[in-house]
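Here the structure is laid out as structure tokens; the discussion comes afterwards.
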Amino acid sequence: MAGITNLAFRKLCREFGSRTAIYVCEMITARAVVERNEKTLHMMSFDADEHPRSMQLYGVDPKTLSEAVRIIVGEGWADHIDVNLGCPVPKVTRLGGGAALPYKRRLFAEIVRAMVAVAEPAGVPVTFKFRIGIDDNHKTFLSTGLIAEAEGAAAVALHARTAAQRYSGTADWSAITALKEAVTTIPVLGNGDIFSAADAVKMMDQTGCDGVVVGRGCLGRPWLFAELSAALRGEPLPTPPNLGEVATILHRHAVLLAEHHGEDKGLRDLRKHMAWYLMGFPVGADLRRSFASVSTVTELEDLITRLDPAVPFPSDAEGPRGRQGSPGKVALPHGWLDDPDDLCVPTAADVMHSGG
């Protein structure tokens, strides 16, 4: 997730969640890798003991993506590459990227083929995450999964919403079931509305998928991965943290962000996490506003002393969090829907804006 799954948050998830889960970095633009953009190289950084190192790439041009993979595997930057074909953001889809790209079947096949040809000899698996389709009239998930399987993808993941839904409504898990039935030789992972360990178990039982991908569910809850690991092993779930324990995790997050970005940028980045961490807790409006405008670690430490550490984790904090919004028309390049077999890459498709 853009601006979320940086080095600091991934380390937090390993410390308070699970060390066996795979944590994917922020979305990295293939063109920025090829140009060795300084900001992108910082976003691509991994912790010394972080393995597997999982890099999320975005791109539209097979040649650029192939070259980016060549650099990544040649430099030993990643152990796994995941391609983001699920982003519904207009600035991405209007250039033919993200959730718009799978509609172009031949272009997508060339992308998979080109990336796998470079990554496979180096032992680096390439996986693809995508949505049901652009909208209800342009569903592409079955063809996308079958193409990925045929061209050598190591696994596929389906966010069970269309791009037009964005993050609204309810994920259609029946599409995950259909994809699992169609794609039989590589793992099929499910994504969409995993906000608790019970949701993950239910999705796997209901769809037959081989694993789950968590997005918004972990916002302000890096410990969710410990709960998921326990549930999928059939073990009792750990007790949810009380407010004092959440404050300890929040403080650790602040320290890690300050180390990664510098205190000024790091604490500004932390502000968007505050509502997620404090969701459901009886904190009070004034204190919430203070947390949301914090600028130094010392200031955060002072605010934490004003919390009641004994307050238990609230039951109403278990539901959806993060982006929801409303459905809307998907921004696409002119004539994008005219021919699904067109191989043309839109002009300026490979913009150099890592992070989504």
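The values are calculated or read from the model by the stated rules, or taken from the named source; none is laboratory data. What you see is a predicted model, and the numbers here were worked out from it, not measured in a lab. Ideal geometry is used to build each Cβ from the backbone, glycine not excepted, and the neighbour counts take in all protein chains shown.
Considering each of 333, 327, 314, 309 in turn, give the residue that is under 30 Å from residue 111 (Cα atoms), surrounded by 13 or more Cβ atoms within 10 Å (Cβ to Cβ) and either out of contact with any strand residue (DSSP E or B) (no Cβ under 9 Å at 6 or more places or on another chain) or without any contact (Cβ under 8 Å) to a residue 60 or more places away in the chain (or both).
Working: 327 fails: either out of contact with any strand residue (DSSP E or B) (no Cβ under 9 Å at 6 or more places or on another chain) or without any contact (Cβ under 8 Å) to a residue 60 or more places away in the chain (or both); 314 fails: under 30 Å from residue 111 (Cα atoms); 309 fails: under 30 Å from residue 111 (Cα atoms).
Exactly one residue qualifies, and that residue is 333.
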Within the stretch 228-248, track down each residue that is crowded, with 20+ Cβ neighbours inside 10 Å and either at pLDDT below 95 or closer than 30 Å to residue 303 by Cα (or both). 243, 246, 247
Candidate set: the stretch 2-17, residues that are in a loop (DSSP other than H, G, I, E, B) and surrounded by 19 or more Cβ atoms within 10 Å (Cβ to Cβ); chosen: the one modelled with the lowest pLDDT: 4
Out of 154, 150, sole residue that is assigned by TED's automatic domain parsing to the domain that holds residue 189, surrounded by fewer than 24 Cβ atoms within 10 Å (Cβ to Cβ) and touching a strand residue (DSSP E or B) at 6+ places or on another chain (Cβ under 7 Å): 154
Which ones in the stretch 306-336 are small (Gly, Ala, Ser) and closer than 17 Å to residue 95 by Cβ? 331, 335
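So if I check each of 72, 28, which one is crowded, with 18+ Cβ neighbours inside 10 Å, part of a strand (DSSP E or B) and in contact (Cβ under 8 Å) with a residue 40 or more places away in the chain?
On the way: 72 fails: part of a strand (DSSP E or B).
Answer to the selection: 28.
Given 53, 36, which one is farther than 18 Å from residue 112 by Cα, assigned by TED's automatic domain parsing to the domain that holds residue 111 and crowded, with 18+ Cβ neighbours inside 10 Å? Quick ask: steps written out before the conclusion?
Numbers: 36 fails: crowded, with 18+ Cβ neighbours inside 10 Å.
So the residue among 53, 36 that is farther than 18 Å from residue 112 by Cα, assigned by TED's automatic domain parsing to the domain that holds residue 111 and crowded, with 18+ Cβ neighbours inside 10 Å is 53.
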How about the stretch 165-256: which helices (runs of 4 or more DSSP H) wholly inside it have at least 2 residues that are closer than 25 Å to residue 312 by Cβ? 197-207, 224-232
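Could you please let me know if residue 107 is out of contact with any strand residue (DSSP E or B) (no Cβ under 6 Å at 6 or more places or on another chain) and not in a strand (DSSP E or B)? Break it down into steps so the answer makes sense when it comes.
Numbers: out of contact with any strand residue (DSSP E or B) (no Cβ under 6 Å at 6 or more places or on another chain): yes; not in a strand (DSSP E or B): yes.
Spelling it out, residue 107 is indeed out of contact with any strand residue (DSSP E or B) (no Cβ under 6 Å at 6 or more places or on another chain) and not in a strand (DSSP E or B).
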Given the structure, is residue 66 part of a loop (DSSP other than H, G, I, E, B) and touching a residue at least 12 places away in the same chain (Cβ under 8 Å)? no
Looking at the stretch 89-102 only, could you name the residues that are out of contact with any Cys (no Cβ under 8 Å at 6 or more places or on another chain) and either outside any helix (DSSP H, G or I) or crowded, with 24+ Cβ neighbours inside 10 Å (or both)? 89, 92, 94, 95, 96, 100, 101, 102
Failed item, numbered, when residue 77 is tested on (1) assigned to a helix (DSSP H, G or I); (2) surrounded by fewer than 21 Cβ atoms within 10 Å (Cβ to Cβ): (1)
